[in-house]
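The values are calculated or read from the model by the stated rules, or taken from the named source; none is laboratory data. Since the model is a prediction, treat every value here as computed from it, not as a measurement. Positions of Cβ are backbone-derived with ideal geometry, glycine not excepted, and every protein chain shown enters the neighbour counts. Ligands, DNA and RNA are stripped out before the accessible areas are found, and what is left, the full protein with its side chains, is counted by its heavy atoms. Shrake-Rupley method; radii C 1.70, N 1.55, O 1.52, S 1.80 Å.
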Amino acid sequence: MTEQTHMIVLVQSQFEYRRIVERRNMMDVDGRIRLRPIPELHEGEVLAGKPGESIYRIIKHE
């Protein structure tokens, strides 16, 4: 199996295809620690994911 290099994220209500820059240990809703992919962020963007959600939201600040 090949390692995933890109993921789909929600940016300002539109889906985008972003490169995975790292993997972090994050807690799910059930309390389990899992290695989750972290998408690349551009300048002025903040990652806003909630535990257990299957998609990340990226918020742009100007």
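Measuring from a point 7 Å past the Cα of ILE8 along Cα-to-C-beta, which residues in the stretch 22-62 have an amide N at less than 13 Å? Counting only backbone N, you get 54-56. Would you be so kind as to identify which of GLY31, ILE55, HIS42 lies farthest towards the positive end of the dipole of the chain, taking Lys and Arg as +1 and Asp and Glu as -1 on Cβ and the Cα centre as origin? The one lying farthest along the dipole's positive direction is GLY31. Accessible surface of HIS6, taken over heavy atoms with a 1.4 Å probe and every protein chain present, rounds to 70 Å². Among the GluC sites (Glu not before Pro) in the stretch 1-56, those placed in a DSSP loop whose Cβ has at most 10 other Cβ atoms within 10 Å are GLU3, GLU43.
Taking every alpha-carbon pair within the chain, the share separated by more than 15 Å comes to 52 percent. For the pair TYR17 and ALA48, the difference between a 0.36 nm per residue extended length and the Cα-Cα distance amounts to 9.5 nm.
About the centre of its Cα atoms, the chain shows a dipole size close to 200 debye [charges on the beta carbon of Lys, Arg (+1) and Asp, Glu (-1) only; nearest 20 debye].
Scanning residues 5 or more positions from TYR56 or on other chains, those with amide H under 5 Å from its amide H are LEU10, with H placed 1.01 Å from N in the peptide plane. Please give me the summed charge of the neighbours of ILE8: other residues whose Cβ is under 15 Å from its Cβ, Lys and Arg +1, Asp and Glu -1. Residues near ILE8 contribute +1 overall.
Just to confirm a number: summing +1 for Lys and Arg and -1 for Asp and Glu over residues other than ASP28 whose beta-carbon lies under 9 angstrom from that of ASP28, what do you get? Result for the neighbourhood of ASP28: +2. Annotation for ARG24 and GLU40: the two label points, set 7 Å from Cα along the Cα-Cβ direction, are 1.8 nm apart.
Per atom type, the chain shows carbon and sulfur on 50% of its accessible surface, probed at 1.4 Å.
Solvent exposure of the chain, expressed per residue, is 79 Å² of accessible area, with all protein chains present and a 1.4 angstrom probe.
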